[in-house]
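The values are calculated or read from the model by the stated rules, or taken from the named source; none is laboratory data. Computed from a predicted structure; not experimentally measured. All Cβ positions, even for glycine, are placed from backbone atoms using ideal geometry, and neighbour counts span all protein chains on display. Side chains included, ligands, DNA and RNA excluded: accessible areas come from the protein's heavy atoms. Shrake-Rupley method; radii C 1.70, N 1.55, O 1.52, S 1.80 Å.
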Amino acid sequence: MNDDQPSDLRPATRLVQAGRRKEWTGDLINVPVARTSTILFDSVAGMNASYPPKDGRGSYGRNGTQTHWSLAEALTQFEPGAAGTKLFPSGAAAVAMALLTVLKSGDELLMIDSAYGPTRSFCDDVLAKQGVTTIYYDPRSSPEEIAALCTDRTGAIFLESPGSLTFEVQDVPGICAMARDRGIPTLVDNTWATPLFFPAIENGVDLTILACTKYIGGHSDVMLGSVTTTERFHDALVQTYRSYGQHVSADDAFLASRGLRTLGVRLQAHQENALAVARWLKGQPQVDLILHPAFEECPGHEYWKRDFKGASGLFSFVLRAGGPKEAATIVDRFKLFGIGFSWGGYESLAIPTSPHRSTNRELKGRAIIRLQIGLEDPADLIADLEQAFTA
Ligand SMILES: Cc1ncc(COP(=O)(O)O)c(C=O)c1O
């Protein structure tokens, strides 16, 4: 959004306007793809004045060009209350860098048990070697239950709401208020909802992470991550970003910016299509549970109703009979759904899944299928599910 534009624009309007400063776009409607390693200066004095680097001031390729600053500014403006955003080469890198920003050796990290798998591996493999102990908490934990796990060594609380694969929704404002009272930083992986359906900073989070690979890009053609913070953590995030030599290509930043402009309409369509498919599944005798935040049977549904502005297109369902082998058999029969990881693109995908959990093994051994519902006509997706069930 240009400086002279009112800050009270509604989120969908902000998505269209944000980051398109005249000084970055010139006469073009979109910010151009500005690729470079080197910025040239008119004088040594000019070169010296470019330090310390900051967004909007060219210094060196790794510190970004208008293509990066534009996307970072748009993502910041998308999160009311945020101080700034840094871009990372993937969502997984964004998670890792956000954790490294707040943690130090000797800390304990309270990590949601339904975290995205590679987030879990980063804690167990990398943070463990750096002297950080990870304690997994049940995704259904109340703020009081999480408070009971806090010690004077607790360095951060990591949330993911809804959780990966099993979609438990957390009391994010309650947990963050409890953490803030104790001076403990909170981080959330907000990839599922995006700030459009859940403005995380407004809900009390200190650092919010997006795998822009998913809905922000929206077309399955870019890998990118972002971390947006409050004022308190912004300088520390920038320091981590620089120290670890993070950078993304201008081409990828451009693709994510292009995706952002249509996020509003795409998310609405993902929501409607996913709800149509989930409601149909709910009526099928083969299906036991729908793990979708908008369904009452999904743990934390009440928090989704209270705090979220919508539901995106990713959810799981549990078959009444069988286990992982039966889930795989069903997925193998799909003709329209692709079989593949990732989500948030225009195309529908399916995977059979067996979530790894430390605190709650209720779903262990069950036949669980995760669906990413894309932008196809939901009637065709339902027909594909029907033929797979009856084959
Ligand atoms: C919830 C969640 N967070 C983070 C990531 C990581 O994103 P990326 O694949 O861009 O590294 C994923 C990827 O599937 C994810 O599902």
First compute the accessible area of the stretch 263-390 with a 1.4 Å probe, then give the percent of it belonging to carbon and sulfur atoms.
53
How large is log10 of I(q)/I(0) for the stretch 40-143 at q = 0.18, 0.20 Å⁻¹ when the intensity is taken from the Debye formula with one equal scatterer per alpha-carbon?
-0.98, -1.06
How far is helix 324-333 tilted, in degrees, relative to the longest principal axis of the Cα atoms in the chain, given as a value from 0 to 90 rounded to the nearest 10?
80
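Near Ala148, within a Cβ-to-Cβ distance under 15 Å, what is the net charge of the other residues, with Lys and Arg +1 and Asp and Glu -1?
Numbers: positive: Arg140, Arg153, Arg182; negative: Glu108, Asp138, Glu144, Glu145, Asp152, Asp171, Asp181.
Net of charged neighbours comes to -4.
Local charge sum around Ala391 (other residues, Cβ-Cβ under 13 Å, Lys/Arg +1, Asp/Glu -1)? Write out the running numbers ahead of the final one.
Working: positive: Arg333, Lys335; negative: Glu326, Asp332, Asp384, Glu386.
Result for the local shell: -2.
Full-extension gain between Ala12 and Thr133, please, as 0.36 nm times their residue separation minus the C-alpha to C-alpha distance. If you can, show how the numbers build up before the last one.
Numbers: separation 121, 0.36 × 121 = 43.56 nm, distance 4.06 nm.
Going from the current span to full extension adds 39.5 nm.
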To the nearest 0.05, the calculated FRET efficiency linking Ile39 and Asp380 through their beta-carbon distance, R0 being 51 Å, is 0.55
Rounded to the nearest 5, what % of the DSSP beta bridges within the chain are antiparallel ones?
60
One finds the C-alpha centres of the stretch 10-55 and the stretch 99-140 to be spaced, in Å, by 35
Mind checking which of Glu79, Glu160, Glu362 has the largest fluctuation in a GNM of the chain, springs on alpha carbons under 10 Å?
Glu362
Once the in-chain neighbours fewer than 8 apart are removed, the lysines whose Cα is under 19 Å from Lys309 read Lys214
With everything on Cα atoms, drop me the angle between helix 231-243 and the longest principal axis of the chain, reported from 0 to 90° to the nearest 10.
80
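Rounding to the nearest 20 debye, state how big the charge dipole of the stretch 263-390 is about its Cα centre with +1 on each Lys and Arg Cβ and -1 on each Asp and Glu Cβ.
Roughly 440 debye for the stretch 263-390.
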Given a Förster distance of 35 Å, report the FRET efficiency between Lys364 and Arg180 from their Cβ-Cβ distance, rounded to the nearest 0.05.
0.50
One point scatterer per Cα, no solvent, Debye formula: log10 I(q)/I(0) for the stretch 263-390 at q = 0.10, 0.21 Å⁻¹ comes out as -0.29, -1.33
Helix-derived [θ] at 222 nm for the chain: sum -39500 (n - 2.57) over DSSP H runs of at least 4, divide by residue count, nearest 500?
-10000 deg cm²/dmol
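Just to confirm a number: summing +1 for Lys and Arg and -1 for Asp and Glu over residues other than Ala83 whose beta-carbon lies under 15 angstrom from that of Ala83, what do you get? Could you put the intermediate results ahead of the total?
On the way: positive: Lys54, Lys86, Arg232; negative: Asp55, Glu73, Glu79, Glu202, Asp206, Glu231, Asp235.
Every neighbour counted, the sum reads -4.
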Ranked by GNM mean-square fluctuation in the chain (Cα springs under 10 Å), the top entry among Tyr346, Tyr51, Tyr137 is Tyr51
Sequence gap at least 6, Cα distance under 8 Å: using those rules, report the relative contact order of the stretch 1-143 to the nearest whole percent.
17
Rg and Dmax of the chain, using alpha carbons, in Å: what are they?
21.3, 74
